[in-house]
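Reading through the structure tokens given below for one structure.
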Amino acid sequence: MFTPIRRRRFLQLSSAAIGSAAVATPILTRPLYGAEELPFKISLAQWSLNRAIKGKKLDNLDFAKTAKTEFGIDAIEYVNQFFADKGKDMAYLGEMKKRAADLGVTSVLIMIDNEGNLGEPNDAKRTTAVENHFKWVEAAKFLGCHSIRVNAATSETDFEKAKDLAADGLRRLSEFAKKHDMNVIVENHGGLSSNGKWLSETIAKVGLPNCGTLPDFGNFYLTKDRGPDASMYDRYQGVTELMPYAKAVSAKSHDFDAAGNETKTDFIKMMKIVLSAGYHGYVGIEYEGKVLDEYEGIRKTKALLERCQRELAITK
């Protein structure tokens, strides 16, 4: 039986899910929690361990094992920077795949960086950037991922011209990815891409169902400056604008108060926005704090997301 509060929450989320169905937001299977259905699943973004990997304390091949044994997480999001020269190395990719499969760990996506700007104004350079991503589409498909995360970077500053350029690069890449049943998803990652209106309109302009977004709770810096006085786009508005196209979500965290709440983002408020769009897939932990070590930061973020799961769970 629903309590009045649970029933109201269920009806609110159900109504929002129906309203977002027209834009093809994936409604994915939700895990069970006792007599309740959890509203989303938890994955681990490899960037959370970037210091350990860059410091040679953790090997990329051991990422799946670390996620499962250290944190009890059975879904992972790779970052291509940590195996940048292995995009076509089938033996290496095969070992990654085997290790994850042996542990029962799902490979969700690969985050792609340093392959050129998909919104590059120069046509030849934009084409090169698009084609540089092809190997990662194929690698992600081989690993069993559903998406590659890309950046809609451009040096063009005009709002409309930048949109046209990024949409062109994304469309061509998405057309290639479609042949592999893969999604191309864009993260708010600085500059115009951190303007929720610009990025959502760019995705709409692409007009392909396998081109979507990966809303990140924290990457709403509109300039290169990321200091305390940096120009920021409102994170709640931005996530709201990006969620209709979301195929993954990144729960960015930095610091926590004594009660275990993230100090920059109200996770409960943010997860209500995520769920109201009808999204019930993986939410990736991406810890970037400096106070706690990476392992403790991941554990704190996981605990906070698990609290969100419990508080927003739907009674069966």
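The values are calculated or read from the model by the stated rules, or taken from the named source; none is laboratory data. Since the model is a prediction, treat every value here as computed from it, not as a measurement. Reconstructed Cβ throughout: ideal geometry from the backbone, glycine too, with neighbour counts over all protein chains shown. Note: accessible area is taken over every heavy atom of the protein model, side chains too, but ligands, DNA and RNA are not part of it. Shrake-Rupley method; radii C 1.70, N 1.55, O 1.52, S 1.80 Å.
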### Message
Given a 1.4 angstrom probe, I'd like the percentage of the accessible area of the chain that is carbon and sulfur, rounded to a whole number.
### Response
52
### Query
So how do 235-248, 87-100 stack up, highest first, on mean other-Cβ count within 10 Å?
235-248, 87-100
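Explain nothing, just the number: dipole magnitude of the chain about its Cα centre with +1 on each Lys and Arg Cβ and -1 on each Asp and Glu Cβ, in debye rounded to the nearest 20.
Values: 45 positive and 42 negative charges, 180 e Å.
Computed charge dipole of the chain: roughly 860 debye.
For the chain, with every protein chain kept in place, what is the accessible area per residue (1.4 Å probe, Å²)? List each step's numbers first, then the result.
Working: 13810 Å² over 316 residues.
Dividing the accessible area of the chain by its residue count gives 44 Å².
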#### Entry: Label assignment, mean projected area of the Cα convex hull in nm² derived from the structure, set (i) 19.0; (ii) 16.2; (iii) 14.6
(ii)
### Query
Residues with amide H under 5 Å of Val283's amide H, sequence separation 5 or more or different chain, H placed in the peptide plane at 1.01 Å from N; which?
Lys41, Ile42, Ser43
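Let me have the 222 nm mean residue ellipticity of the chain computed from DSSP H runs of 4+ only, each contributing -39500 (n - 2.57), with the sum over all residues rounded to the nearest 500.
Details: 11 runs with 131 residues, N = 316.
After summing the helix terms and dividing by residue count, I get -13000 deg cm²/dmol.
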## Note on the structure
Amide H neighbours of Met111 at under 5 Å, excluding residues fewer than 5 places away on the same chain, with H built from the backbone geometry, are Tyr78, Val79, Asn80, Arg149
#### Entry: Under the Karplus curve 6.51 cos²θ - 1.76 cosθ + 1.60, θ = phi - 60°, whole-Hz ³J(HN,Hα) for the stretch 286-296, x wherever Gly or Pro sits
9, 7, 10, x, 10, 6, 7, 6, 4, 5, 5
### Query
Taking the highest mean first, how do the peptides 252-262, 302-312 order by number of other beta carbon atoms within 10 angstrom per residue?
302-312, 252-262
### Query
Taking a ≥ b ≥ c as the square roots of the eigenvalues of the Cα gyration tensor of the stretch 154-276, is the shape rounded (a/c under 1.5), prolate (a/b larger than b/c) or oblate?
oblate
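Filter Lys41/Lys141; Lys41/Lys86; Lys41/Lys252; Lys41/Lys272; Lys272/Lys302; Lys97/Lys141 down to the pairs with a C-alpha to C-alpha distance above 19 Å, please.
On the way: Lys41/Lys141 21 Å; Lys41/Lys86 29 Å; Lys41/Lys252 15 Å; Lys41/Lys272 14 Å; Lys272/Lys302 17 Å; Lys97/Lys141 11 Å.
Pairs exceeding 19 Å: Lys41/Lys141; Lys41/Lys86.
Rounded, prolate or oblate for the stretch 230-316? Axes are the square roots of the Cα gyration tensor eigenvalues, ordered a ≥ b ≥ c, and the cut-off for rounded is a/c under 1.5.
Working: a/c = 1.85, a/b = 1.23, b/c = 1.50.
Oblate shape, in that a/c is at least 1.5 and b/c is the bigger or equal ratio.
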